[in-house]
1. How much accessible surface area, in Å² rounded to 10, belongs to the heavy atoms of ASP113 with a 1.4 Å probe?
2. Ranked highest first by average number of other Cβ atoms within 10 Å, how do 261-268, 20-27 line up?
3. In debye, nearest 20, what is the charge dipole magnitude of segment 183-495 about its Cα centre with +1 on Lys and Arg Cβ and -1 on Asp and Glu Cβ, if you could check?
4. Amide H neighbours of THR161 under 5 Å, at least 5 residues apart or on other chains, H built in the peptide plane: list them.
5. Find which of HIS127, GLY142, GLY377 sits farthest along the positive direction of the dipole of the chain, computed with +1 on the beta-carbon of Lys and Arg, -1 on that of Asp and Glu, about the Cα centre.
6. Counting only C-alpha contacts under 8 Å and six or more residues apart, can you give the relative contact order of the chain as a whole percent?
7. Would you mind getting me the FRET efficiency between ARG495 and LYS71? Use the beta-carbon distance for r and R0 = 41 Å, nearest 0.05.
8. On a 0 to 90 degree scale, rounded to 10, what angle separates helix 442-454 from the longest Cα axis of the chain?
Amino acid sequence: MFTVKPLPSVETTEEALVIGLFEGGKPFAGLAGEYDTRLGGQLSGLWKEGDISAKRGRIAVVHPFLPSGAKRLYFVGLGKKEELTFARLREAFGKLFGALKQAKRTEASIVLDAFTAGDVDENEAAHALAEAYYLATYEFSGYKQNKRERDYEMKSLTVYTAADAADIEANLFVGSVYGKATNSARTLVNTPGNLLTASDLADYAATLANRFDFDYEILEKEDMERLGMGALLAVNQGSKQPPKLIVLKYQGKEKWEGVIALVGKGVTFDTGGYCLKPRDSMLDMKTDMAGAAAVLGAMEAIGELRPEQNVLAVIPATDNMISGEAFKPDDVITSLSGKTIEVRNTDAEGRLILADAVTYAKQCGANCIIDVATLTGGVIVALGTDKTGAMTNNEALFEQLLEASAETGEFIWRLPITEHDRERVRSSKIADLNNSPGREGHAIMGGAFIGEFAEDTPWVHLDIAGTATAKKDGDLGPAGATGVMVRTLTAFVERFE
Ligand code: BES
Ligand code: ZN
Ligand code: ZN
């Protein structure tokens, strides 16, 4: 879809030519200046009127009447040069593709070099461009009998640049991988629970493993019984759908060392169990496997990019249902680690399945663990729906993740785990741990509980309950699943040391 070419002249005929504008300085320099001259100063006129603006987030479409070589000019406002970042540029491109999509434009050309400033060079701009294209134009196709017309897709996007074409192509590829992998995760999360069971998730993971030649293993219920994964089994007890523990291994180093484990909560539907959710909160609980989707999305990107790292993905998958067999409040269960858990709330099921998954990751040689989970409503109360909550037992590891998140624009904010918090998760009178020690700081309780199983292994917990879905359409994707953390996990793995 992308074609990289040297900078054009005003003589080239374009369906839609896209140019970036910075605040301050001369608005119409370079190619844009040539267009302005050819159009008898019409562009500067529109600029003076404020119809074309360099303010961040502004898109102006001009349809020149005089022969100009372009049927349409798209001006993208980028704000001040010194304030341009990779994340902001991606957002600007998101807005651009929103406008192109709305106008159903399938052909465009972009002057890439008009989008660079400071640290953001042509290569970063190419990455941002491709990533934004896939993110911004994503749609979930749904299940209507009379499907709407075919999904929007650009037929050709010409990228004009004076930079090295091979480098630009490589960065367009990386950006595309980031975008497409995020969209794969979005589709998994948007899929209803009846159509995406634990078995379906396992099949999906197996297909991914075959596509990228990953080693993989799917643990069945009998395997879990043999190994003693009492926590995952307890959550699954009320279900007709068998549980699956999905394990993928990507080995990018000679030896299986320095292993990064990505662990994702895969609850394909969360009714709450006997601590049943009220009907309004149960709605959308098909998205309770967004952690699993983030990990699978990251594995897709890792399979495409093949970094020199070792990555282990562990996904405990089940739904949380009620029946005569279901686990109950007051039950005491024994986890894979041997630690016993008093179940005080069957709706705090995520931490239970993650407990066994984290222990299993350690048994498979994990040197550090990142878990991703739609774990608590508490994190939404604390941080809203635009920030992922993080907890950790290792500053250095957290810093690396934070750096990756600054690149991808997926905001992370840390919450503390204190000795007092650890005492609270250990507060059961009859078992080692209590899965629900009360509502105060309960996002932290979720993290602290999982931390009991990470023990000394460097670990970060990401609570994406607020960020996994969006209520409104945004510049980088529609309402519904966001695919959050696919890109941050990928960027983290690529840079990990
Ligand atoms: N899956 C939910 C958390 C959730 C809430 C995800 C809203 C997405 C949106 C989780 O299993 C849950 O029910 N957590 C409880 C924990 C409580 C019982 C300690 C919660 O947050 O209320
Ligand atoms: Zn729950
Ligand atoms: Zn849940």
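1. That residue has around 40 Å² of solvent-accessible surface.
2. For the peptides 261-268, 20-27, the packing ranking is 261-268, 20-27.
3. In total the dipole reaches around 460 debye.
4. Those qualifying (amide H under 5 Å, at least 5 residues apart or on another chain) are LYS5, LEU7.
5. GLY142
6. 15 percent
7. 0.45
8. Its long axis makes an angle of about 70 degrees.
The values are calculated or read from the model by the stated rules, or taken from the named source; none is laboratory data. Bear in mind that the values here come from a model prediction, so they are computed numbers and not experimental data. Virtual Cβ from ideal backbone geometry, glycine too; neighbours counted across all protein chains shown. Note: areas computed on protein heavy atoms with side chains; ligands, DNA, RNA excluded. Shrake-Rupley method; radii C 1.70, N 1.55, O 1.52, S 1.80 Å.
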